[in-house]
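Have a look at the structure below, then the notes.
The values are calculated or read from the model by the stated rules, or taken from the named source; none is laboratory data. Fair warning: this is a prediction, and the values are worked out from it, not measured in the lab. Positions of Cβ are generated from backbone atoms using ideal geometry, with glycine treated the same way; all protein chains shown enter the neighbour counts. Surface accessibility is based on the protein's heavy atoms, side chains included, excluding ligands, DNA and RNA. Shrake-Rupley method; radii C 1.70, N 1.55, O 1.52, S 1.80 Å.
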Amino acid sequence: MSSFGARGALHWSRMTEDTLKDYRERMTRVLVHIDKHLDEPVSLDELARIACFSSFHFHRVFCGMVGETVKAYIRRLRLERAASLLIYGALPVTRIAFQAGYETVESFSRAFCAQFGEPPSRYRSRRRPSHESAGNEHDYAFLYSGEKSKMEVTLKKMPRRKVAFVRNTGPYAQCGVAWDRLCAWAGPRGLLGPGASFIGICHDDPEVTAPENIRYDASITVGEDIEGEGGIGTQYIPEGEYAVVLHRGPFENLHQTYAELMGRWMPEHGREMKPQASLEVYLNPPDSTPPEELLTEVQVALLPR
């Protein structure tokens with residue numbers, strides 16, 4: 001290949017890589033918008049505007065990059081959130097159905113059955129943690145003692161926080177690549193100093209969502225003047241009251257902390273979680289800390305009393 005041809009091929013490769021990063025950045029803005037407005041009607045024209053695509057092309061681009069139509073994607077997220085509310089919340093099925101965007105319980109039940117293979121009421125009774133469920137598939141032995149939760153939970157009023165993030169779609173255990181990308185971008189910009197908080201934004205419950213569809217945002221807090229680029233997005237974590245608990249030990253055991261917080265502490269204290277992502281604030285570096293010494297602050301947003 002001539003030197004001109006080699007330079008041309010390199011230029012084309014860089015153009016292709018830059019275009020892909022640009023597409024990912026624009027589509028990430030759309031996914032974040034959907035996350036934040038899951039209870040609201042969604043306009044394809046509005047999503048196309050956010051992505052800076054024409055309305056004519058947007059839906060095909062979304063399908064190609066996300067693997068689902070916009071309608072199917074939003075319906076799945078709403079049903080998965082409804083499934084989590086059935087397991088951990090105390091809301092009646094009727095209210096959960098309306099919150100998921102269904103006008104009748106019957107239509108909600110049909111859609112729920114199609115996705116999860118059983119009606120909502122049976123799903124709740126079979127999977128909801130209780131002292132009568134000993135020996136079920138979750139095997140959370142500590143939930144079935146009949147004793148009240150001794151978990152130390154602090155209620156905190158948290159301000160709105162701006163974060164830079166990289167989204168990982170897939171099992172939580174595979175989110176390391178997202179952290180590598182984020183830190184490689186943030187480090188040279190001086191964003192990894194002592195004042196930065198390292199936060200995992202956990203959108204999905206692995207007991208509900210298929211592993212390949214789990215959404216996780218590797219995030220660091222940043223100043224208002226920081227904007228994302230090259231596949232790095234920015235978003236705001238909403239202000240509000242949060243239930244905060246310190247998890248000590250391996251990440252693999254976080255499910256136990258979530259189960260006790262949501263399945264015991266919250267109902268015992270008459271609290272309900274907001275339908276938004278839970279947060280994990282990592283207080284020490286996992287690459288240099290023994291698993292049994294890891295400290296993770298779990299933060300779950302609460303509905304007002």
Checklist outcome for this item: Subset of the range 93-111, residues open to solvent by 10 Å² or more (accessible area, probe 1.4 Å) and touching a residue at least 24 places away in the same chain (Cβ under 8 Å), comes to 93, 99, 101, 111
Next on the checklist: Being in contact (Cβ under 8 Å) with a residue 60 or more places away in the chain, of a type in the set (A, V, I, L, M, F, W, C) and assigned to a helix (DSSP H, G or I) narrows it down to one residue among 83, 114, 90; which is it?
Outcome noted: 83
Checklist entry - When you look at residue 291, is it open to solvent by 20 Å² or more (accessible area, probe 1.4 Å) and under 23 Å from residue 100 (Cα atoms), yes or no? => result no
Checklist entry - Of all residues in the range 181-202 being open to solvent by less than 40 Å² (accessible area, probe 1.4 Å) and in a helix (DSSP H, G or I), which is nearest to residue 299 (Cα to Cα)? => result 182
Checklist entry - Take the residues of the range 212-232 that are touching a helix residue (DSSP H, G or I) at 6+ places or on another chain (Cβ under 6 Å) and open to solvent by 10 Å² or more (accessible area, probe 1.4 Å): which is nearest to residue 202 (Cα to Cα)? => result 231
Next on the checklist: Checking residue 143 against (1) at pLDDT 90 or above; (2) part of a helix (DSSP H, G or I): exactly one of these is not met. Which one?
Outcome noted: (1)
Item to check | Residue match in the range 157-180 (condition: out of contact with any helix residue (DSSP H, G or I) (no Cβ under 6 Å at 6 or more places or on another chain), acidic (Asp, Glu), part of a loop (DSSP other than H, G, I, E, B) and open to solvent by 40 Å² or more (accessible area, probe 1.4 Å)) | outcome: no
Checklist outcome for this item: When residue 227 is run through (1) assigned to a strand (DSSP E or B); (2) under 23 Å from residue 31 (Cβ atoms), the failure sits at (1)
Next on the checklist: Considering only residues that are surrounded by fewer than 16 Cβ atoms within 10 Å (Cβ to Cβ) and part of a helix (DSSP H, G or I), which ones fall in the range 250-266?
Outcome noted: 252, 253, 255
Item to check | Matching entry among 259, 164, 186, 210 (being at negative phi, touching a Leu at 6+ places or on another chain (Cβ under 8 Å), modelled with pLDDT under 95 and not hydroxyl-bearing (Ser, Thr, Tyr)) | outcome: 259
